[in-house]
1. Residues with amide H under 5 Å of GLN23's amide H, sequence separation 5 or more or different chain, H placed in the peptide plane at 1.01 Å from N; which?
2. Using the structure shown, list the pairs from LYS25/LYS72; LYS72/LYS105; LYS84/LYS105; LYS71/LYS105 with a Cα-Cα distance above 19 Å, or answer none.
3. Report the gain in length on full extension from PHE62 to THR10: 0.36 nm times residue separation, minus Cα-Cα distance, nm rounded to one decimal.
4. Return the sequence-ordered ³J(HN,Hα) values of the range 16-32 in whole Hz as given by the Karplus equation 6.51 cos²θ - 1.76 cosθ + 1.60 applied to θ = phi - 60°, using x for Gly and Pro.
5. Going through the range 1-97, which chymotrypsin sites (Phe, Trp or Tyr not before Pro) have at most 14 other Cβ atoms within 10 Å and a DSSP loop state?
6. Return ASP37, ASP53 ranked ascending by Cβ neighbour count within 10 Å, so the fewest neighbours appear first.
7. Quick one: if the Förster radius is 25 Å, what FRET efficiency do VAL82 and PHE43 give, using the C-beta to C-beta distance and rounding to 0.05?
8. Taking θ = phi - 60°, what integer Hz values does the Karplus form 6.51 cos²θ - 1.76 cosθ + 1.60 yield along the range 106-117, in sequence order, with x for Gly and Pro?
Amino acid sequence: MKGYQGVLVTDFFSGYDAVPCRQQKCWVHLIRDLNDDLWADPFNTEFEAFVSDVRDLIMPIFEAIGKHGPKKRNLSKFKKAVAKFYEKTISGRLYESEVTRAYQKRFDRYRNSLFVFLDEDNIP
């Protein structure tokens, strides 16, 4: 990967964090993990609300990609929604359930690599 100038799309395996290039974390993996944990704890209303906030953030973005393709000019407008999501759902929020806290930490840790596709064309 020496000298690689592109964006590497990866899952959340921590070993990829050492690769010296820009990365986009895979939303398919993240959504699968969220769904699996939601099914595993169906009565956790706090986590259900967290997942709903994630859904409300990402669905309009996915719809824009479906309509216009993965183009920066159509996606950069969602940066404000991402900032509001982090302000409302991630930063400084105290969650009670362990699973919600784990995802809060995950979103915080990978903030810079979850939304690279808003700044670059054609990131899958």
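1. The list, which skips near neighbours in sequence, is LEU8.
2. Values: LYS25/LYS72 17 Å; LYS72/LYS105 27 Å; LYS84/LYS105 17 Å; LYS71/LYS105 28 Å.
Flagged as over cut-off: LYS72/LYS105; LYS71/LYS105.
3. Numbers: separation 52, 0.36 × 52 = 18.72 nm, distance 1.84 nm.
Full extension from PHE62 to THR10 adds 16.9 nm.
4. Computed from phi, the couplings for the range 16-32 are 5, 4, 7, 6, x, 7, 5, 10, 10, 6, 6, 6, 4, 5, 5, 5, 4 Hz.
5. Details: sites: TYR4, PHE12, PHE13, TYR16, TRP27, TRP39, PHE43, PHE47, PHE50, PHE62, PHE78, PHE85, TYR86, TYR95; in loops: TYR4, PHE12, PHE13, PHE43, TYR95.
Answer in residue order: TYR4, PHE13, PHE43.
6. Numbers: ASP37 17, ASP53 14.
Final ranking by Cβ density, sparse to dense: ASP53, ASP37.
7. Details: r = 29 Å, r/R0 = 1.17.
E(calc), rounded to 0.05, equals 0.30.
8. 5, 5, 5, 4, 9, 3, 6, 10, 8, 10, 4, 4
Values in this text are rule-based calculations from the coordinates and carry no lab data. Here the structure is a predicted model, which means the values were calculated and not measured. For neighbour counting, all protein chains shown are included, and Cβ atoms are generated from backbone atoms with ideal geometry for every residue, glycine included.
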